[in-house]
Amino acid sequence: MPSYSVRPAARADASSVAELHVATWQAAYKGLLPDSFLDGLTPAMRLPLWRDAIEYGEPQVLLALADNGKPAGFVGFDRSRDPKTKPTTGEIWALYVTPEHWGQGAGLALWDAAREGLIEEGCTDVTLWVMLRNERALRFYELAGFKRELNTARTTTVGGAKVEEIRLKRKLD
């Protein structure tokens with residue numbers, strides 16, 4: 001199994017993060033979001049978001065690198081954006097790994113690094129939002145100790161499709 005190193009994303013990594021974001025959305029959300037929406041995504045559309053996140057640290061962005069030094073995934077994390085959460089609640093805003101690295105440990109390396117970062121920030125709990133039909137992501141997060149908060153299910157619109165999401169939560173230890 002490959003090993004992954006994780007480091008903070010630098011401004012020069014913004015393009016790689018945007019490319020990873022689009023590639024992983026197109027693979028992970030196939031069948032969950034309209035093909036026309038997924039096919040229309042481009043790294044140029046995501047680049048300003050990730051350039052600003054990396055520059056201003058909101059969210060903090062970490063990059064996983066494979067043995068060959070190429071980016072394999074990224075995680076964005078910070079304080080929870082959900083209203084009425086305690087100031088000690090963190091949130092995984094995004095965690096994406098390219099399909100060729102699924103099941104190889106990149107996601108776990110990113111989760112471990114984000115967990116350490118959230119603990120350093122004084123967080124005691126962490127939440128994230130997942131599409132209910134995204135079984136791969138739900139399985140990953142549940143194996144990482146997250147539990148579904150059943151009273152949080154909501155419907156949102158992404159790419160013109162209505163999707164059901166649920167918040168997951170776990171203690172940071």
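For the range 31-84, what are the residues that are assigned to a loop (DSSP other than H, G, I, E, B), among the small types (Gly, Ala, Ser) and more than 23 Å from Ala113 (Cβ to Cβ)?
Within the range 31-84, Gly31 is the sole residue that qualifies.
Considering Val22, Val6, Val75, which residue is farther than 24 Å from Cys123 by Cα and either at pLDDT 95 or above or in contact with a helix residue (DSSP H, G or I) (Cβ under 7 Å, 6 or more places away or on another chain) (or both)?
Matching residue, one of Val22, Val6, Val75: Val22.
Check the range 31-43 and report whether any residue there is free of Cβ contacts under 8 Å to residues at least 40 places away in the same chain, crowded, with 21+ Cβ neighbours inside 10 Å and among the acidic types (Asp, Glu).
Within the range 31-43, not a single residue is free of Cβ contacts under 8 Å to residues at least 40 places away in the same chain, crowded, with 21+ Cβ neighbours inside 10 Å and among the acidic types (Asp, Glu).
Any chance you could count how many residues in the range 54-77 are free of Cβ contacts under 8 Å to residues at least 40 places away in the same chain and in contact with a Pro (Cβ under 7 Å, 6 or more places away or on another chain)?
Total satisfying the criteria: 1.
In the range 119-145, which residue that is over 14 Å from the mean Cα position of the chain (by Cα) and of a type in the set (A, V, I, L, M, F, W, C) is surrounded by the fewest Cβ atoms within 10 Å (Cβ to Cβ)?
Looking at residues that are over 14 Å from the mean Cα position of the chain (by Cα) and of a type in the set (A, V, I, L, M, F, W, C), I get Leu143.
Mind checking which residues of the range 10-60 are farther than 29 Å from Leu132 by Cβ and not charged (D, E, K, R)?
Residues satisfying the conditions are Ala10, Ala12, Ala14, Ser15, Ser16, Ala44, Leu47, Pro48, Ile54, Tyr56, Gly57.
Just to be sure, is Ser16 over 14 Å from the mean Cα position of the chain (by Cα), part of a helix (DSSP H, G or I) and closer than 23 Å to Arg136 by Cβ?
yes
Got at least one residue in the range 19-30 being over 15 Å from Trp102 (Cα atoms) and in a helix (DSSP H, G or I)?
Checking the range 19-30: at least one residue is over 15 Å from Trp102 (Cα atoms) and in a helix (DSSP H, G or I).
Only one of Ala113, Ala161, Ala137, Ala109 is touching a Pro at 6+ places or on another chain (Cβ under 6 Å) and touching a residue at least 24 places away in the same chain (Cβ under 8 Å); which?
The match here is Ala161.
The values are calculated or read from the model by the stated rules, or taken from the named source; none is laboratory data. As the structure is a prediction and not an experimental result, all values here were calculated from the model. Please note: Cβ atoms are built from the backbone with ideal geometry, for glycine as well, and neighbour counts cover all protein chains shown.
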